[in-house]
1. Could you list, in sequence order, the residues of the range 164-174 that are assigned to a loop (DSSP other than H, G, I, E, B) and within 20 Å of Lys133 (Cα to Cα)?
2. Look at Leu212 and say whether it is touching a strand residue (DSSP E or B) at 6+ places or on another chain (Cβ under 7 Å) and over 30 Å from Phe131 (Cβ atoms).
3. Looking at the structure I just gave you, is Ile91 modelled with pLDDT of 75 or more, touching a helix residue (DSSP H, G or I) at 6+ places or on another chain (Cβ under 9 Å) and surrounded by 17 or more Cβ atoms within 10 Å (Cβ to Cβ)?
4. Looking at the range 132-158, which of the residues that are over 22 Å from Asn198 (Cβ atoms) and touching a residue at least 40 places away in the same chain (Cβ under 8 Å) is farthest from the chain's Cα centre (by Cα)?
5. Output the number of residues of the range 185-211 satisfying the condition of being surrounded by 10 or more Cβ atoms within 10 Å (Cβ to Cβ), more than 27 Å from the chain's Cα centre (by Cα) and free of Cβ contacts under 8 Å to residues at least 12 places away in the same chain.
6. Report whether or not Leu139 is part of a loop (DSSP other than H, G, I, E, B), of a type outside the set (Ser, Thr, Tyr), in the same structural domain as Trp74 (by the TED database) and under 14 Å from Val71 (Cα atoms).
7. Got at least one residue in the range 193-205 being small (Gly, Ala, Ser), farther than 18 Å from Cys24 by Cα and outside any loop (DSSP other than H, G, I, E, B)?
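The values are calculated or read from the model by the stated rules, or taken from the named source; none is laboratory data. Predicted, not measured: the structure shown is a model, and the values here were computed from it. Quick reminder, even Gly has a Cβ in these numbers, built from the backbone with ideal geometry, and neighbours come from all protein chains shown.
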Amino acid sequence: KKIMTSTSKGILRPFLIVCIILACFMACLLIYIKPTNSWVFSPIESASSVLKMKNFFSTKTDYFNETTILVWVWPFGQTFDLTSCQAMFNIQGCHLTTDRSLYNKSHAVLIHHRDISWDLTNLPQQARPPFQKWIWMNLESPTHTPQKSGIEHLFNLTLTYRRDSDIQVPYGFLTVSTNPFVFEVPSKEKLVCWVVSNWNPEHARVKYYNELSKSIEIHTYGQAFGEY
């Protein structure tokens, strides 16, 4: 499989940071408060909504404010500042860590699906403390999510872009602009283009491209073609 472009890596890093920060914050809530359906299925509005709830959580006990979230493996190998909860969102008492020696004290363990080994040997091997919850994190589509036998009953919470997840972390939002929309379609010299980095001859889209290119010229860009 082709490696992601440097541009996509640059976009992926801040996205992963925000995803994990929001995930850990929501995990803190789900660990101690049973969510209602209306709350779980509502989209996360923005980071500002997290800040609005700060005063609510400040009334909780010291035990809640000492919540520890263990990031078991870095998602896609992308690292980030573990103090981001406080630095970016001013969330107090939510401690992110990658120190596995704190496993028995961690209230939640965040595990990224694509980083789970096929034989599950890189998952925690110690007995799980009764208060601890495991969070299944997955940012890929179902067709790009390999099925791994043996994980069906390991996790307590789900973290994906889907609205029916326990913790929803969407890729982004669309909002209606208040400014008048003025756009003129520029003249075109080429009919079809395709931008792709993740190339696999067995992918349906690659087979479609191969067939379509027999009948029409397709201008290609991306890591798979060495064009940017």
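1. If we filter the range 164-174 for residues that are assigned to a loop (DSSP other than H, G, I, E, B), which is where we start, we get 164-166, 169-174.
Passing the criteria: Asp164, Ser165, Asp166, Val169.
2. Spelling it out, Leu212 is indeed touching a strand residue (DSSP E or B) at 6+ places or on another chain (Cβ under 7 Å) and over 30 Å from Phe131 (Cβ atoms).
3. Numbers: modelled with pLDDT of 75 or more: yes; touching a helix residue (DSSP H, G or I) at 6+ places or on another chain (Cβ under 9 Å): yes; surrounded by 17 or more Cβ atoms within 10 Å (Cβ to Cβ): yes.
Taking the combined requirement at face value, the residue satisfies it.
4. From the range 132-158, those over 22 Å from Asn198 (Cβ atoms) are 132-136, 149-158; that's our starting set.
Those left that are additionally touching a residue at least 40 places away in the same chain (Cβ under 8 Å): 133, 135, 155, 157.
Values: Lys133: 18, Ile135: 12, Phe155: 16, Leu157: 14 Å.
Within the range 132-158, the match that is farthest from the chain's Cα centre (by Cα) is Lys133.
5. Count: 3.
6. Values: part of a loop (DSSP other than H, G, I, E, B): yes; of a type outside the set (Ser, Thr, Tyr): yes; in the same structural domain as Trp74 (by the TED database): yes; under 14 Å from Val71 (Cα atoms): no.
No, not satisfied.
7. Within the range 193-205, the subset small (Gly, Ala, Ser) is 197, 204.
Next cut, farther than 18 Å from Cys24 by Cα only: 197, 204.
Checking which are outside any loop (DSSP other than H, G, I, E, B) leaves us with 204.
Yes - at least one qualifying residue is present in the range 193-205.
Every residue, every condition in (1) within 17 Å of Ile20 (Cβ to Cβ); (2) among the hydrophobic types (A, V, I, L, M, F, W, C); (3) surrounded by 12 or more Cβ atoms within 10 Å (Cβ to Cβ), yes or no:
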site	(1), (2), (3)
Pro75	yes, no, yes
Gln86	yes, no, yes
Tyr103	no, no, yes
His107	yes, no, yes
Thr121	no, no, no
Thr143	no, no, no
His153	no, no, no
Thr160	yes, no, yes
